[in-house]
Amino acid sequence: MGVTRIRDLASILGKTQAANPTNSALGELAKSNRNMIVNGGMDISQRGTSGFTIGAAVNYGIDMFSTYKDQTSATFAYTSEFLDSAETGSLAPRQAGITRYAKITNTGTDASLGATDRMLFLQRIEGRRMAHLMWGSADAKNAKLSFYVNSSVTGTHGGAIGNGNDTRSFPFTYTIDSANTWERKEVTITGDTSQNMLWQNALTNSRGAQVVFGLGVGSTYSTTAGAWANGDYNSATGATAGVMSTSSATWKITGLQFEAGDTMTPFEFTEREKVFKDCLRYFWRVTRNDTYGEFLPVIRCYSATNGTGVTLFPVPMRSDPTMSVSHTVSSSNFGYSLSSISIGNSDVNHTQCEFFAAGSFTANGAAVIQKTNNTDAVSIDFDASM
């Protein structure tokens with residue numbers, strides 16, 4: 001029965017392909033998993049969707065997407081929002097299955113762009129997700145970057161594709177034709193056939209590349225668009241700094257897609273559950289806001305003051321994660337009069353790690369990490385970002 005069904009399916013797919021080879025079932029299947037961007041539809045935001053002020057460091061809001069501000073005195077707020085049907089042009093991304101976007105708002109201007117000023121929105125791409133591009137070899141493939149963008153500032157905007165160690169860049173430009181209107185843009189990235197050693201991370205679980213959008217980038221980090229250059233460039237010469245210099249200026253983006261080839265294809269819609277699992281490879285937040293809310297793991301108390309356990313990750317993480325706790329680890333925030341929580345290295349496949357706790361336990365007994373008797377939300381973060 002199983003063999004017969006397989007043959008029947010092959011027959012159906014074959015007939016479909018022959019009847020309409022441009023829209024065949026096999027053709028559609030071949031297009032899956034083509035987007036190297038994770039969470040391109042901005043659907044997952046474990047850290048929350050409310051705004052925060054962008055600081056002079058790498059800050060994550062929406063999962064996988066970070067911001068970075070350097071030198072400039074301008075200030076920005078970053079939020080994750082739903083697509084509003086009243087927004088001009090919003091129908092196109094919604095038809096692609098996209099419902100959320102990232103929004104950056106200027107809350108304090110910098111009228112004079114310095115050479116080293118820069119405000120960036122970016123995603124770093126794990127090397128193994130882009131290895132098939134074969135950049136750094138004679139067989140390097142071209143790639144297509146596409147996205148939906150909406151800004152109150154019209155004109156030429158810029159960005160760049162960079163390698164994993166900030167020594168190779170491909171600046172690009174795109175044009176905002178109409179203010180406050182959703183538009184889809186595409187950029188062709190020529191495959192880099194030179195500088196093989198500068199793309200060595202493209203074969204590992206380290207940062208292989210990054211896609212950067214500049215919302216104001218000085219001359220030190222800008223160069224000619226449309227060609228590979230040695231150096232850390234985040235935008236192209238001639239791109240506007242209007243988002244940085246205009247009070248209350250807005251810049252919105254969603255539907256990011258980075259794929260091999262010269263042709264822009266429709267945004268690859270992916271079920272939220274699958275996207276969430278992809279994000280969990282890089283970041284996992286466990287939050288409890290219920291009274292006496294319990295966290296994993298169960299702890300083996302080998303003394304009256306110390307215990308160990310094992311934390312199982314929901315999916316294998318990219319690398320050994322770091323751990324942070326949203327509240328001070330103390331008896332006022334955690335049960336068992338906890339004074340410290342820490343983790344050790346994960347196993348070889350990064351599916352679990354050892355957990356250490358110090359507090360007031362029953363020797364040779366068992367305990368759990370538990371918040372105190374209040375409804376304040378407490379989070380433990382496991383971070384394997386690049």
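Applied to the stretch 256-268, the Karplus parametrisation 6.51 cos²θ - 1.76 cosθ + 1.60 on θ = phi - 60° returns per-residue 3J(HN,Hα) values of 6, 9, 10, 9, 6, x, 9, 10, 6, 10, x, 4, 7 Hz, with x for Gly and Pro. Magnitude of the charge dipole for the stretch 75-151, about its Cα centre and with charges confined to Cβ atoms of Lys, Arg (+1) and Asp, Glu (-1), is about 360 debye.
Here's how it looks for residue 372: its modeled amide H is under 5 Å from those of 334, 335, which are all 5 or more places away or on a different chain.
Share of the chain's accessible area from carbon and sulfur, percent, 1.4 Å? All intermediate terms of the calculation are to be shown ahead of the outcome.
On the way: 8470 of 17070 Å².
Whole-percent figure for carbon plus sulfur exposure: 50.
With θ taken as phi - 60° and the Karplus curve 6.51 cos²θ - 1.76 cosθ + 1.60 applied, the whole-hertz 3J(HN,Hα) list for the stretch 93-104 is x, 5, 5, 7, x, 9, 10, 10, 8, 9, 10, 10 Hz, x standing for glycine and proline. For the chain, the relative contact order is 17 percent, taking Cα pairs closer than 8 Å that sit 6 or more residues apart in sequence and dividing their mean separation by the residue count. Counted over the stretch 128-244, the DSSP beta bridges are approximately 90% antiparallel. Ligands, DNA and RNA aside, residue 112 has an accessible area near 90 Å² when probed at 1.4 Å.
Solvent-accessible area per residue in the stretch 158-275 equals 38 Å², computed with a 1.4 angstrom probe and all protein chains kept. Mind grabbing the base-10 log of I(q)/I(0) for the chain at q = 0.07, 0.08 Å⁻¹? Debye formula, identical points on the C-alpha positions, no solvent, two decimal places. The Debye formula, applied to the Cα set alone, gives -0.39, -0.51. Listed peptides 208-214, 332-338 appear in the order 208-214, 332-338 once ranked by packing, highest mean of other Cβ atoms within 10 Å at the front. May I ask which residue of 245, 307, 283 lies farthest towards the positive end of the charge dipole of the stretch 232-372, with charges of +1 (Lys, Arg) and -1 (Asp, Glu) on Cβ and the Cα centre as origin? After comparing all options, I get 307. Karplus-based coupling profile of the stretch 322-329, in residue order and whole Hz: 8, 10, 9, 10, 6, 10, 4, 6, with θ = phi - 60° in 6.51 cos²θ - 1.76 cosθ + 1.60 and x standing for Gly or Pro. Total lysine pairs in the chain at Cα distances under 23 Å, for residues eight or more apart or on different chains: 15. Only Lys, Arg, Asp and Glu carry charge here, each on its Cβ (+1 for the first two, -1 for the last two); on that basis the chain has a dipole of about 580 debye about its Cα centre.
With the helix formula -39500 (n - 2.57) applied to DSSP H stretches of n ≥ 4, the chain reaches a computed 222 nm mean residue ellipticity of -3000 deg cm²/dmol. Taking all protein chains as they are arranged and a probe of 1.4 Å, the heavy atoms of residue 103 leave approximately 40 Å² accessible to solvent. The solvent-accessible area of residue 312, taken with every protein chain present and a 1.4 Å probe, is close to 110 Å². Using the 1.4 Å probe convention, the accessible area of the stretch 294-335 works out to 49 Å² per residue with neighbouring protein chains retained. In this structure, the amide hydrogen of residue 310, modeled 1.01 Å from its nitrogen in the peptide plane, lies closer than 5 angstrom to those of 298, 355, counting only residues at least 5 positions away or on a different chain.
The angle between the Cα long axis of helix 2-19 and the main principal axis of the chain comes to about 30°, on a 0 to 90 degree scale.
The values are calculated or read from the model by the stated rules, or taken from the named source; none is laboratory data. The model shown is predicted, which means the values in this text are computed figures rather than measured ones. Positions of Cβ are backbone-derived with ideal geometry, glycine not excepted, and every protein chain shown enters the neighbour counts. With ligands, DNA and RNA removed, areas are computed over all heavy atoms of the protein, side chains included. Shrake-Rupley method; radii C 1.70, N 1.55, O 1.52, S 1.80 Å.
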